[in-house]
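Here the structure is laid out as structure tokens; the discussion comes afterwards.
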Amino acid sequence: MKYDKNQILDKFDNAKKVLIGIGNEFSVLDDDGNYNENKAEEVLAAYNVMAKKLGEKDYYILTLCTDDLIYKSELDSDRIVAPCGSIGRLQCPKGCDHKIYDEQKETCSVCGESLVPNTVNAPTYVEEGYLAQWGNYTAWLQKTLNREILIFDLGSGIYYPSVLRFPFEKITFYNNKANLVRINESISQIPEELADKAYNQHYNAVEYCKNGFVEWDNI
Ligand SMILES: [Zn+2]
């Protein structure tokens with residue numbers, strides 16, 4: 001760890017481009033898919049602190065959450081991509097028509113099966129739900145090449161590492177002007193080759209965010 005928390009706060013204040021990855025620690029759905037209202041209140045507060053900190057910066061957010069809570073926050077929906085899907089949209093469980101439906105419809109027009117939420121948990125995930133926004137995200141990333149960028153991995157842990165954790169490490173590695181901040185309550189390790197570009201902390205990422213992107217205990 002090359003940086004301390006105050007240097008990271010300074011970097012955030014001065015950053016023009018910020019990439020934020022949001023992981024499982026922010027999810028308000030439990031393993032059975034139940035929505036946790038109490039946690040939602042806390043996470044929404046954290047998102048709104050994030051929105052305030054980001055202000056007019058050029059940012060993009062990649063979230064692994066499927067609970068759609070982020071869209072109720074003050075963050076700009078046009079700058080958010082959710083590759084794991086959305087519980088607010090529906091699809092055929094077999095994905096036979098590759099279509100995404102709103103909640104008005106109950107069955108697939110092709111096979112007649114009852115529709116299921118359009119998330120990675122669907123038997124056959126219809127990826128058309130996020131691909132257009134994914135295109136916008138990768139185009140945005142292209143424009144960060146060799147530019148100063150501050151990258152956060154907030155609470156992604158072991159979930160879908162090929163979507164968030166590993167690509168964020170790769171971007172940090174190849175861009176000399178990139179810094180990575182990894183906050184995770186269980187797995188906050190940083191690969192050795194990124195040690196002098198990174199800051200990491202074993203800490204709950206929602207708390208970190210809600211506190212204004214700093215660990216409260218030992219400021
Ligand atoms: Zn079908």
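Per-residue answers, yes or no, for (1) assigned to a strand (DSSP E or B); (2) farther than 18 Å from Y130 by Cβ; (3) at pLDDT 95 or above:
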position: N6; (1), (2), (3): no, yes, no
position: F12; (1), (2), (3): no, yes, yes
position: I20; (1), (2), (3): yes, no, yes
position: D32; (1), (2), (3): no, yes, no
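Among the residues of the stretch 68-100, those that are closer than 20 Å to Y137 by Cα and of a type in the set (D, E) comprise D68, E74, D76, D78. For the structure I just gave you, tell me whether V120 is buried (at least 16 other Cβ atoms within 10 Å of the Cβ) and either without any contact (Cβ under 8 Å) to a residue 24 or more places away in the chain or not basic (K, R) (or both). Judged against the criteria, V120 is not a match.
Those strands (runs of 3 or more DSSP E) of the stretch 85-167 in which 1 or more residues are within 26 Å of K57 (Cα to Cα) and more than 16 Å from the ligand (Cβ to nearest atom) occupy 85-91, 149-154. Considering the conditions (1) of a type in the set (S, T, Y); (2) more than 15 Å from the chain's Cα centre (by Cα); (3) within 19 Å of N24 (Cβ to Cβ), T172 is excluded by exactly one of them, (3). C65 passes every criterion in (1) buried (at least 20 other Cβ atoms within 10 Å of the Cβ); (2) farther than 18 Å from I183 by Cα; (3) in contact with a helix residue (DSSP H, G or I) (Cβ under 6 Å, 6 or more places away or on another chain) apart from (2). Comparison of F26, F12 shows that the only residue that is under 30 Å from K105 (Cβ atoms), surrounded by 14 or more Cβ atoms within 10 Å (Cβ to Cβ) and of a type in the set (F, W, Y) is F26. The set of residues from the stretch 101-117 being buried (at least 18 other Cβ atoms within 10 Å of the Cβ) and farther than 14 Å from G33 by Cα comprises Y101, C108, L115. Being touching a helix residue (DSSP H, G or I) at 6+ places or on another chain (Cβ under 6 Å) and over 13 Å from I8 (Cβ atoms) is not true of A195. The listed residues are N146, N200, and the only one of them that is within 18 Å of the chain's Cα centre (by Cα) and of a type outside the set (K, R) turns out to be N200. Take the residues in the stretch 135-164 that are touching a residue at least 24 places away in the same chain (Cβ under 8 Å) and charged (D, E, K, R), then tell me which one is surrounded by the most Cβ atoms within 10 Å (Cβ to Cβ). That would be D153.
Across the stretch 168-187, what is the number of residues that are surrounded by 15 or more Cβ atoms within 10 Å (Cβ to Cβ) and either on the phi > 0 side of the Ramachandran plot or assigned to a helix (DSSP H, G or I) (or both)? The number of residues fulfilling the criteria is 4.
The values are calculated or read from the model by the stated rules, or taken from the named source; none is laboratory data. Computed from a prediction, not measured in an experiment: that's the story for all the values here. Cβ: placed from backbone, ideal geometry, glycine included. Neighbour counts: every protein chain shown.
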